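Let me begin by presenting the structure, written as structure tokens, before commenting on it.
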């Protein structure tokens, strides 16, 4: 097998994740407390301020998908009575639990001391942690983030969230960690978040350049890894994003494209915006379908599920709980469909894209229900025709390579026919 | 009005998927307005208090061919939103001045966004019920959501939403819920006297008919049931659960009972009895409604279960209360709330030694043979081995 080309930042990230999983593996012997929580609406700075270790089951599931174990885990859950109709992240996680709870690095994951159910933009989250609670028999604290159905967060939504943080979430963390809430510590972590957020936005906005120095979907999912998971607010995340920014800006200055597994993609023929999560079980095969056609993704919505920083939001250390509420409310899947349409249409314009693609995943109704309307509406508003493909998050049974490839090729031909594709 | 006339009245409304009865109601007096409510729970008192007719939107069931609706949804999404869109695109919801989408699941949630894009002139609102069932947090939040809704609907209808209007609405819906509970009690006691198909169409009529009219029909039906008892049959008493959003076709409900079961508890049309106790008529009506929600809402998949034993014990409790002998987990295909809850509920049932079966349906399921065989075998096994 040929060596896979990797950015330096990917190596840095790999080391960070490795260290985190080492900490998790030693959490029990070192007396560290462990909190399971979700990516959208994660309260990482708050968790870190209590010195607890976050575990994100979605990340474990997607890692299982990339490592080829998710199919077995899903079958395990289905054998135990979980319907084939429901979210495969959940089933992958349940199956992993039933198979010994070995994490993506091959080390056992510690049991949770607390399930922090941040209910942000996904109904399934509620059931997921109700299910996990049956297995782990540990306390659960619920944090309800109202959906932005009317397109805005009202003052009462914010007050509701802040009150929950103050009256439910913080006391639960105090009980589990044995520490008092330290607002100064939280402020310091939020300050570091801001820095990382500035750098992340600069990274993604570099894709406005031609050629794009990054792939904002296949590369983008790596870029958001630290800030969406256990690291936002940490010094190492701030350093990672500074390094990533320098790397991307260097590529941009030299007129280079992103590094794909088979080398740099400097010659870019199609610039795309992508809506929806990627398929993880065939991630590289999926990506290859794009770079083989010289297609680069210049903006994606999936990289906003853990925060929409490009709209201007930054964590505000001067209002620590209020800013956490603002952050949670603004996560992509917590936005109304019209707001999602607006974001995609804006990306098409701002990133000078030739087209947009929706990868509709069977597992995720939060993303997928309504995507055909999004397709129509974005086409209507922008005059740019979109493409629609279907796959799944981590269920390998739902990835039909030939079908997807066929659709993509047809779509690229259509872009050519419209005279929108370009050669460098 | 005798029993069969009441059921005929209810059946006519049930079959009227295009809401022509709502149109007729609106035409009878100038200025009347109606608001559609997707399943499961919308505080009907607020809609009524704001001078509008609350109208349950339950799709087209098995009486509608889906053409346009399928263009909006992938194959792995449940059926209800397809038929709702089909009806809307065919202009069948022209009588509605507002559409309310409660926080049932992500499909209903996102349908609110589809609606606001398809019908930009219509009042569309997503209603996020509180998940923290505590008066000072969830209760306060919910109060404000309801106040905002009342303000907006009042502006649409031209009605000033006063505390007195709200209290009158609450009193009416308290009475409607009491009657629904009485009907369920009656069926639990004498299921042979309250066929579930009759109960069901009656409640479906209550989703559309003005509450004052529904109350009258319910009283008359209950009186008819007690005055004309029917003969019991040797059937297995079962709880049907999982059918709170997309509804099973009436044929499926009939099939379950014809196959040898009495349905003695269910979660069909759960929004009509979501509050399990009367709402107080004292003090601020919105506060009273919020208080009722955080303290007395029904245990179901739509609200976070804070009690770690809650899911495990729920089916045992429902089975005991209804003196049932088994459970039928009947969930719509691709229904996240029902299907994700099911393993937890089933584990509790298994631990309590309660027999169960499970199947999936869609609102337009047309073939019932497999359900008849499954339910029949289940009923037989309960009768043969239930006490073993």
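The values are calculated or read from the model by the stated rules, or taken from the named source; none is laboratory data. Everything numeric here is computed off the predicted structure, so don't read it as measured data. With ideal geometry, Cβ positions are generated from the backbone for all residues, glycine too; neighbour counts draw on all protein chains shown.
Just one of the listed residues (A:112, A:146) is in contact with a strand residue (DSSP E or B) (Cβ under 7 Å, 6 or more places away or on another chain), assigned to a loop (DSSP other than H, G, I, E, B), at pLDDT 95 or above and buried (at least 22 other Cβ atoms within 10 Å of the Cβ), namely A:112. Among all positions in the stretch B:18-25, there is at least one residue which is without any contact (Cβ under 8 Å) to a residue 60 or more places away in the chain, part of a helix (DSSP H, G or I) and surrounded by fewer than 23 Cβ atoms within 10 Å (Cβ to Cβ).
Confirm whether residue B:382 is more than 14 Å from every other protein chain (Cβ to nearest Cβ), within 13 Å of residue B:261 (Cα to Cα), surrounded by 17 or more Cβ atoms within 10 Å (Cβ to Cβ) and within 22 Å of the chain's Cα centre (by Cα). When the stated conditions are applied, residue B:382 does not pass them.
Could you tell me whether any residue of the stretch A:25-37 is buried (at least 18 other Cβ atoms within 10 Å of the Cβ) and under 23 Å from residue A:303 (Cα atoms)?
The answer is yes; a qualifying residue exists.
Suppose we filter B:97, B:103, B:196 for residues that are crowded, with 23+ Cβ neighbours inside 10 Å and either within 12 Å of another protein chain (Cβ to nearest Cβ) or touching a helix residue (DSSP H, G or I) at 6+ places or on another chain (Cβ under 9 Å) (or both); which single one remains?
Values: B:97 fails: crowded, with 23+ Cβ neighbours inside 10 Å; B:196 fails: crowded, with 23+ Cβ neighbours inside 10 Å.
Being crowded, with 23+ Cβ neighbours inside 10 Å and either within 12 Å of another protein chain (Cβ to nearest Cβ) or touching a helix residue (DSSP H, G or I) at 6+ places or on another chain (Cβ under 9 Å) (or both) holds for just one of B:97, B:103, B:196, which is B:103.
Quick one: what pairs do we get from the stretch A:369-381, first residue under 25 Å from residue A:123 (Cα atoms) and facing another protein chain (nearest Cβ under 8 Å), second modelled with pLDDT of 95 or more and surrounded by fewer than 17 Cβ atoms within 10 Å (Cβ to Cβ), C-beta under 7 Å, 6+ apart or different chains? Correct list of pairs: A:372/B:71.
Scanning the stretch B:26-55 for residues that are within 21 Å of residue B:292 (Cα to Cα) and part of a strand (DSSP E or B) yields B:37, B:54.
Do we have any residue at all in the stretch B:215-225 that's in contact (Cβ under 8 Å) with a residue 40 or more places away in the chain and within 18 Å of residue B:267 (Cα to Cα)? No, the stretch B:215-225 contains no residue that is in contact (Cβ under 8 Å) with a residue 40 or more places away in the chain and within 18 Å of residue B:267 (Cα to Cα).
Evaluate the following for residue A:151: is it surrounded by fewer than 24 Cβ atoms within 10 Å (Cβ to Cβ) and at positive phi? Judged against the criteria, residue A:151 is a match. Do we find that residue B:165 is buried (at least 16 other Cβ atoms within 10 Å of the Cβ), in contact with a strand residue (DSSP E or B) (Cβ under 8 Å, 6 or more places away or on another chain), in a helix (DSSP H, G or I) and more than 14 Å from chain A (Cβ to nearest Cβ) in this structure? Here the answer is no, as residue B:165 does not meet what is asked.
Within the stretch A:82-103, the presence of a residue that is within 18 Å of residue A:169 (Cβ to Cβ), in contact (Cβ under 8 Å) with a residue 24 or more places away in the chain and at the interface with chain B (Cβ under 10 Å from one of its Cβ atoms) is excluded.
Table: residues versus (1) touching a residue at least 24 places away in the same chain (Cβ under 8 Å); (2) facing another protein chain (nearest Cβ under 10 Å); (3) over 25 Å from the mean Cα position of the chain (by Cα).
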site	(1), (2), (3)
A:138	yes, yes, yes
A:143	yes, yes, no
A:149	yes, yes, no
A:172	yes, no, yes
A:180	no, no, yes
A:183	yes, no, yes
A:193	yes, no, no
A:200	yes, no, no
A:203	yes, no, no
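Applying the set (1) in a helix (DSSP H, G or I); (2) in contact (Cβ under 8 Å) with a residue 12 or more places away in the chain; (3) more than 21 Å from residue A:77 (Cβ to Cβ) to residue B:279 leaves exactly one unmet item: (1). With respect to the stated conditions, residue B:317 is over 25 Å from residue A:87 (Cβ atoms), out of contact with any strand residue (DSSP E or B) (no Cβ under 9 Å at 6 or more places or on another chain) and either more than 10 Å from every other protein chain (Cβ to nearest Cβ) or not in a helix (DSSP H, G or I) (or both).
Suppose we keep only residues that are touching a residue at least 40 places away in the same chain (Cβ under 8 Å) and either within 14 Å of chain B (Cβ to nearest Cβ) or surrounded by fewer than 20 Cβ atoms within 10 Å (Cβ to Cβ) (or both) within the stretch A:338-357. Which one would you say is farthest from the chain's Cα centre (by Cα)?
Applying the filter and picking the extreme gives A:352.
In the set (1) outside any loop (DSSP other than H, G, I, E, B); (2) surrounded by fewer than 17 Cβ atoms within 10 Å (Cβ to Cβ); (3) facing another protein chain (nearest Cβ under 9 Å); (4) in contact (Cβ under 8 Å) with a residue 40 or more places away in the chain, the condition left unmet by residue A:166 is number (3).
The condition (being farther than 25 Å from residue B:290 by Cα and either surrounded by 23 or more Cβ atoms within 10 Å (Cβ to Cβ) or within 24 Å of the chain's Cα centre (by Cα) (or both)) is satisfied by just one residue among B:59, B:121: B:59.
On the basis of being under 18 Å from residue B:139 (Cβ atoms) and more than 14 Å from chain A (Cβ to nearest Cβ), does residue B:295 make the cut? So residue B:295 fits the description; yes. Every condition in (1) in contact with a helix residue (DSSP H, G or I) (Cβ under 6 Å, 6 or more places away or on another chain); (2) closer than 24 Å to residue A:296 by Cβ; (3) not in a loop (DSSP other than H, G, I, E, B) is met by residue A:218 except one, and the failing one is (3). Taking residue A:352 as the residue in question, decide whether it is touching a helix residue (DSSP H, G or I) at 6+ places or on another chain (Cβ under 8 Å) and at positive phi. Spelling it out, residue A:352 is indeed touching a helix residue (DSSP H, G or I) at 6+ places or on another chain (Cβ under 8 Å) and at positive phi. If you filter the stretch A:6-29 down to residues that are in a loop (DSSP other than H, G, I, E, B) and under 17 Å from residue A:247 (Cα atoms), you find that the one that is modelled with the lowest pLDDT is A:6. Set side by side, the residues B:290, B:351, B:330 differ, and just one is more than 9 Å from chain A (Cβ to nearest Cβ) and in contact with a strand residue (DSSP E or B) (Cβ under 6 Å, 6 or more places away or on another chain), which is B:330.
Of A:115, A:48, all but one fail to be touching a helix residue (DSSP H, G or I) at 6+ places or on another chain (Cβ under 6 Å), under 30 Å from residue A:183 (Cβ atoms) and within 13 Å of another protein chain (Cβ to nearest Cβ); the exception is A:115.
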